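Contents: one structure, followed by commentary.
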């Protein structure tokens, strides 16, 4: 039924119609299927099985049965397995890159250089963290024991499919938890490749399980399952709220990494010739489909014309096109629903009176098929406009002018979100002062290198809990105090 061969991308079409439960690929309890669409061609490339509550029961039961053995396994055993997982990701990096490009349209150069290597880093960091972690400490006769929380349901999104899987799975396994993974049904191919990798790395049966399915069916069944001790979701605010509501009756831990509307504050002394192009490319990275993308560029009013010229020149130089071409910088939006959402928001920006200086609604010129959105920039955006308040999740940048530093900080904090933020300045003390005033879980000063140890998560409606590094690892631990330990 496929118009492109999945075998050419090393994705087994038979495995796509099965789930990985208790160390085996098994058929779904109630076979129903959906097509995986290549967003560059709008053609189906695979067909996956969708799970049911019966499949969730099987997977959770397997994870529960495996928990005692895995949670008590020597740290050295977990370290060795995580090390093999890391090595296998790097060995199979082209397989992963091709799967990611096929399922969600990432430019192949971007998949190779960022999507896959950064995903591998999460596994390496989890391995290094657990190898040095002190699970038990004693003070004044009281022992504090950090212990794996139990069975963890992990729900991951379509925009960074492998990266978000490894961020959750690696930390959970390192902590001694067993997991049931539900990847996005819109970009499930890299997850299939990952499940086989986990098997090949020697993870014991039941420790890792994978079920494909929709949020209302599989996600809800996992969230409300009495034998699931924790659920971690990366996704939309709507999905996060529904998961939290479903999880509430069983009082399980819920970790949420949700939406963002991240500010990029340009202080008056910033090197605009350098900072503006970097800001545009950061906002448009992964076709703007990153929850922490700095899509609000907050700039001094007297530098607005300079910023506009620099931003437009940068955007107009971006190559949008076939994700399989090495020359392509941005591929298509990952799916039709998101493409339509981006178009709706661009039209809303025009209708609100924002100044359109680049791009606009419609497909990129030359493409009659494929979800290719035009890189779009609005200027003279007011903080209360819809495009400045709502997450768009596409290549759309808002330039917002300010008159004072206090006003810039106020604008930065004026949305319901608080996930990421950026500050640009040549005065590091001034940059730090602004960074501490911004209510966001992670702030970048002058576009620093990515730090895989830096905890990532949000304030306000951007979620709760943290991922990456020690803090991400500790999300999967419970705390026990033993008094009279001696």
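The values are calculated or read from the model by the stated rules, or taken from the named source; none is laboratory data. Worth saying up front: this structure is predicted, and the values here are computed from it rather than measured. Heads up, the Cβs are rebuilt from the backbone with ideal geometry, glycines too, and the neighbour counts pull from every protein chain shown.
Given the options 305, 273, name the one that is in a helix (DSSP H, G or I), in contact with a helix residue (DSSP H, G or I) (Cβ under 9 Å, 6 or more places away or on another chain) and over 14 Å from residue 375 (Cβ atoms).
On the way: 305 fails: in contact with a helix residue (DSSP H, G or I) (Cβ under 9 Å, 6 or more places away or on another chain).
None of the others qualify; the one that does is 273.
Can you tell me which residue among 371, 393, 378, 339 is under 12 Å from residue 288 (Cβ atoms), touching a helix residue (DSSP H, G or I) at 6+ places or on another chain (Cβ under 9 Å) and at pLDDT 95 or above? Let's see the steps before the verdict.
Values: 371 fails: under 12 Å from residue 288 (Cβ atoms); 378 fails: under 12 Å from residue 288 (Cβ atoms); 339 fails: touching a helix residue (DSSP H, G or I) at 6+ places or on another chain (Cβ under 9 Å).
That would be 393, the only listed residue that is under 12 Å from residue 288 (Cβ atoms), touching a helix residue (DSSP H, G or I) at 6+ places or on another chain (Cβ under 9 Å) and at pLDDT 95 or above.
Among the residues in the stretch 283-292, are any in the same structural domain as residue 56 (by TED's automatic domain parsing), surrounded by 24 or more Cβ atoms within 10 Å (Cβ to Cβ) and in contact (Cβ under 8 Å) with a residue 40 or more places away in the chain?
Just the residues of the stretch 283-292 that are in the same structural domain as residue 56 (by TED's automatic domain parsing), to begin with: none.
So far as the stretch 283-292 goes, no, none of its residues is in the same structural domain as residue 56 (by TED's automatic domain parsing), surrounded by 24 or more Cβ atoms within 10 Å (Cβ to Cβ) and in contact (Cβ under 8 Å) with a residue 40 or more places away in the chain.
In the stretch 363-379, is there at least one residue being closer than 18 Å to residue 412 by Cβ and either in contact (Cβ under 8 Å) with a residue 24 or more places away in the chain or not assigned by TED's automatic domain parsing to the domain that holds residue 410 (or both)? First the steps, then the outcome.
Step one: filter the stretch 363-379 for residues closer than 18 Å to residue 412 by Cβ, giving 378-379.
Keeping just the survivors that are either in contact (Cβ under 8 Å) with a residue 24 or more places away in the chain or not assigned by TED's automatic domain parsing to the domain that holds residue 410 (or both) gives 378-379.
Yes: the stretch 363-379 contains one or more residues that are closer than 18 Å to residue 412 by Cβ and either in contact (Cβ under 8 Å) with a residue 24 or more places away in the chain or not assigned by TED's automatic domain parsing to the domain that holds residue 410 (or both).
Which of the residues that make up the stretch 293-302 are more than 22 Å from the chain's Cα centre (by Cα), in contact (Cβ under 8 Å) with a residue 40 or more places away in the chain and either buried (at least 24 other Cβ atoms within 10 Å of the Cβ) or part of a helix (DSSP H, G or I) (or both)?
Here is the first cut: in the stretch 293-302, the ones more than 22 Å from the chain's Cα centre (by Cα) are 298-302.
From the residues that got through so far, the ones that are in contact (Cβ under 8 Å) with a residue 40 or more places away in the chain too are 298-301.
Once the filter is applied, which keeps residues that are more than 22 Å from the chain's Cα centre (by Cα), in contact (Cβ under 8 Å) with a residue 40 or more places away in the chain and either buried (at least 24 other Cβ atoms within 10 Å of the Cβ) or part of a helix (DSSP H, G or I) (or both), the stretch 293-302 yields 298, 299, 301.
For the stretch 303-338, give me the residue count where each residue is buried (at least 20 other Cβ atoms within 10 Å of the Cβ) and free of Cβ contacts under 8 Å to residues at least 40 places away in the same chain.
Here the count works out to 1.
Among the residues of the stretch 434-456, is there at least one that is part of a strand (DSSP E or B) and farther than 22 Å from residue 274 by Cα?
First pass over the stretch 434-456, keeping only residues part of a strand (DSSP E or B): 442-445, 456.
Adding the requirement that they be farther than 22 Å from residue 274 by Cα leaves 456.
Yes, the stretch 434-456 has at least one match.
Does residue 186 satisfy the condition of being assigned by TED's automatic domain parsing to the domain that holds residue 44, surrounded by fewer than 24 Cβ atoms within 10 Å (Cβ to Cβ) and in contact (Cβ under 8 Å) with a residue 60 or more places away in the chain?
On the way: assigned by TED's automatic domain parsing to the domain that holds residue 44: yes; surrounded by fewer than 24 Cβ atoms within 10 Å (Cβ to Cβ): yes; in contact (Cβ under 8 Å) with a residue 60 or more places away in the chain: yes.
Yes.
What single numbered condition from (1) part of a helix (DSSP H, G or I); (2) over 29 Å from residue 331 (Cα atoms) fails to hold for residue 284?
Residue 284 satisfies all of (1) part of a helix (DSSP H, G or I); (2) over 29 Å from residue 331 (Cα atoms) except (2).
Could you list, in sequence order, the residues of the stretch 466-486 that are crowded, with 21+ Cβ neighbours inside 10 Å and over 18 Å from residue 134 (Cβ atoms)?
Filtering the stretch 466-486 for residues crowded, with 21+ Cβ neighbours inside 10 Å gives 466-468, 472-473, 475-476.
Listed by number, the residues that qualify are 466, 467, 468.
I'd like the residue in the stretch 270-281 that is surrounded by fewer than 23 Cβ atoms within 10 Å (Cβ to Cβ) and touching a strand residue (DSSP E or B) at 6+ places or on another chain (Cβ under 9 Å) and, out of all such residues, is nearest to residue 387 (Cα to Cα).
To start, the set of residues in the stretch 270-281 that are surrounded by fewer than 23 Cβ atoms within 10 Å (Cβ to Cβ) comprises 271-274, 277-278, 281.
Narrowing further to those that are touching a strand residue (DSSP E or B) at 6+ places or on another chain (Cβ under 9 Å): 271-272, 274, 278.
Details: 271: 26, 272: 23, 274: 25, 278: 21 Å.
That would be 278.
Residue 345: buried (at least 19 other Cβ atoms within 10 Å of the Cβ) and assigned to a strand (DSSP E or B), yes or no? Don't jump to the end; show me each part of the working.
Details: buried (at least 19 other Cβ atoms within 10 Å of the Cβ): yes; assigned to a strand (DSSP E or B): no.
No, not satisfied.
Filter the stretch 434-448 down to the residues that are under 21 Å from the mean Cα position of the chain (by Cα) and closer than 14 Å to residue 460 by Cβ and list them by number.
Of everything in the stretch 434-448, those that are under 21 Å from the mean Cα position of the chain (by Cα) and closer than 14 Å to residue 460 by Cβ turn out to be 439, 440, 441, 442.
Only one of (1) in contact with a strand residue (DSSP E or B) (Cβ under 9 Å, 6 or more places away or on another chain); (2) under 16 Å from residue 320 (Cα atoms) is not met by residue 388, so which one is it?
Among (1) in contact with a strand residue (DSSP E or B) (Cβ under 9 Å, 6 or more places away or on another chain); (2) under 16 Å from residue 320 (Cα atoms), residue 388 violates only (2).
Which residue, of 167, 172, is under 17 Å from the mean Cα position of the chain (by Cα), within 24 Å of residue 106 (Cβ to Cβ) and assigned by TED's automatic domain parsing to the domain that holds residue 26?
On the way: 172 fails: within 24 Å of residue 106 (Cβ to Cβ).
Going through 167, 172 in turn, the sole match is 167.
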